[in-house]
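This report refers to the structure that appears directly beneath it.
All of the numbers you see were taken from the coordinates with simple rules; none came from a lab. From a predicted model like this one, the values you see are computed outputs, not experimental measurements. Here the Cβ is made from the backbone with ideal geometry for all residues, glycine too, and neighbour counts use every protein chain on show.
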Amino acid sequence: MKTVHIGAIGCGNFGLSIIRKLLACDNRLKVSAIYDPDPRSVADAKALLGADITVCADHRELVNLPHLQWVMIASWNCYHAEQVIDAFQAGKHVFCQKPLALSAAEGLAMKQAWEKSGKMFTIGFTLRYSPHYRKIKQVVAEGAIGQILSMEFNETRDFNHGGYIMGNWRRLRKNAGTHLLEKCCHDIDLVNWIVGARARRVASFGGLDFFLPENEHRINEIPPRSDGKRAYCTRSGLRRSVENPFTAEKDITDNQVALLEYDNGVRATFHTNCNAAIPERRMYILGTLGALRADVLTGTIEMKRIGFDAELECLSTEGKGGHGGGDQVLTAELADSMLRHTPPSVGLVEGLEAAITCFAVDEALDTGTVVDLSPYWEAF
């Protein structure tokens, strides 16, 4: 089989991390061209991929290189729509990091370009590939807890990770969209998938209540890490500095709750917070026959049937931590799509459904109303 030539748009921390794992899957995969507006990222990419790699002046030059079959996009979210559409129009298969787009109009334009191109599209919903969540989906689909009645799920971020978010480019909606869209579209997608329906009505409340100038004193009140790094100001392994998370301009929430009602009657609550002392990525699903409780950060899944003598069952699973081992599975399946044209597990439709749900939840937050998603789905 011939070499598959790939172009990479966006060579920051996560972009290069995925590329590194992908190239380790098969030596017939080759990143032949890159584009990133940051010279530091270009230098990092050259160090990984070789000094002779083609460096393009913009994304259009890259997608129009005739020898490329795939384009991988890990740019800021505000550029996803334009870059994905241009790649489809140039006849390329596309992998794009989440979220899909910053508006429903962008997402619909991407869907139309994808359908017209006939090419493959994979979205970076890493958690969909995690053995942890695939086990949950399997257990629910097999009817172990009966029909889902209601559930709660959350993503509470470690305080230092929260400080990183509030100090880097994600703090502005014009760059990344809302916090819910940027960071929690993973979680919304998982629930869409596990519930097996689309959201019908949503409501939401939230705000920016902690990462404010009057709370900057917390940086010095918390003892430094063992290596001397201060609280809220660093994350291990990152090459880029961030602005002060308390004084930097921002227009996203640092805490938010949402209520979702699905077409099949399932009701769910979601909670996110960027200043957690006990971080979680937890699900608690209640069905007609039993319940399931899980947290990907610890890798635990517990299930119990309804009954006087029922015992709590601990289900074995692989993968824990932030992505639950999903990165390795994602890159292995992406390599299979590139080499053997295997259809992606998660594609543009799932990306658009998750994004639309986020758009509606944030509309509910911004307007203080219960939002009916019918107009969104009719357009979709």
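Pairs of Lys residues in region 4-119 that lie 8 or more places apart, or on two chains, and have C-alpha atoms under 25 angstrom apart add up to 18.
Note on region 285-327: along the principal axes its Cα atoms extend 39, 16, 11 Å, ordered by decreasing extent. The magnitude of the dipole of the chain, with charges of +1 and -1 set on the Cβ of Lys/Arg and Asp/Glu and taken from the Cα centre, is near 980 debye. Here the spin labels are modelled as points 7 Å beyond Cα on the Cα-Cβ line, and at residue 293 and residue 141 they lie 2.6 nm apart.
Applied to region 193-209, the Karplus parametrisation 6.51 cos²θ - 1.76 cosθ + 1.60 on θ = phi - 60° returns per-residue 3J(HN,Hα) values of 5, 5, 5, x, 7, 9, 5, 9, 9, 9, 9, 7, 9, x, x, 9, 10 Hz, with x for Gly and Pro.
Taking label points 7 Å from Cα along the Cα-to-Cβ direction, residue 306 and residue 367 give a separation of 3.6 nm.
Each pair of Cα atoms in region 4-119 enters the Kirkwood radius, and Stokes-Einstein at 37 °C and 0.692 mPa s then converts it into a translational diffusion coefficient of 232 µm²/s.
Highest mean packing comes first when the peptides 357-367, 309-319, 52-62 are listed by Cβ atoms within 10 Å, giving 357-367, 52-62, 309-319.
Over the Cα atoms of region 91-189, the radius of gyration divided by the Kirkwood radius equals 1.03; this is the Rg/Rh ratio. Under the simplified labelling scheme, the residue 318-residue 226 pair shows an inter-label distance of 2.9 nm, with each label point 7 Å from Cα along Cα→Cβ.
When region 4-119 is described by a simple charge dipole with +1 on each Lys and Arg Cβ and -1 on each Asp and Glu Cβ, the residue from 72, 104, 37 located farthest towards its positive end is 72. Could you tell me the center-to-center distance, by alpha carbons, between region 322-336 and region 1-62 in angstrom? Centre-to-centre (Cα) distance: 18 Å.
Between the C-alpha center of region 63-114 and that of region 347-375 there is a gap of 21 Å. Highest mean packing first, where packing is the average number of other Cβ atoms within 10 Å per residue, the peptides 195-205, 110-120 line up as 195-205, 110-120.
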